Amino acid sequence: MAGDPFWRRKRLDQMTAAEWESLCDGCGLCCLVRFEEEDTGEVVPTRVHCKLYDPEACRCSDYADRRRHVPDCVKLTPGNIAALPWMPKSCAYRRLAEGRDLAWWHPLVSGDPESVHRAGVSVRGQTVSEKALSDPEDALDFAAPDLIAERGRD
């Protein structure tokens, strides 16, 4: 309907760049280091964050130029969301791609950028920087497979 917010009126591929970017709730879950199990292909997230992640702001510290510093940083697009099963179930991009609405705690719904943190959805205060590890493989010591589960109640 005409009075509905843009995320209810538009498909992901119809959104403007600004609308697309505003869907990020600032949880920080996609900025965590992940490993793929060789035998099963299962993706295991860790509580280790990317070197560019700002753990207080729960945002990338150099978002516009992140791919230059972290070449394997995945750029989310309307065309690849469905192919990224490691995206947390709480992620706005995934929720909308699956035909679900944004959660009550999403800043676009609540009007408050802190609601994602108060709802326990973000990783603020729960991560360690990859820069603090002596070896990248040490991130496996912080494996946290529960991180892609639904976080925060609808």
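Key figures for this structure:
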| item | result |
| --- | --- |
| Qualifying positions in region 77-112 - touching a Cys at 6+ places or on another chain (Cβ under 8 Å) and assigned to a loop (DSSP other than H, G, I, E, B) | 87, 88, 90, 91 |
| Total residues in region 62-76, condition assigned to a loop (DSSP other than H, G, I, E, B) and exposed (fewer than 13 other Cβ atoms within 10 Å of the Cβ) | 3 |
| Tally, over region 101-129, of residues that are within 19 Å of residue 30 (Cα to Cα) and either touching an Asp or Glu at 6+ places or on another chain (Cβ under 9 Å) or surrounded by fewer than 17 Cβ atoms within 10 Å (Cβ to Cβ) (or both) | 18 |
| Residue check for residue 34: under 28 Å from residue 118 (Cα atoms) and among the basic types (Lys, Arg) | yes |
| Residue pairs meeting the criteria (Cβ under 6 Å; at least 6 apart or on separate chains; first surrounded by 15 or more Cβ atoms within 10 Å (Cβ to Cβ), in region 1-23; second of a type in the set (Ser, Thr, Tyr)) | 23/93 |
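Coordinate-derived values only; no laboratory data. Treat the numbers as computed from the prediction; the structure is a model and nothing was measured. In this analysis, Cβ positions are derived from the backbone assuming ideal geometry, glycine residues included, and neighbour counts consider all displayed protein chains.
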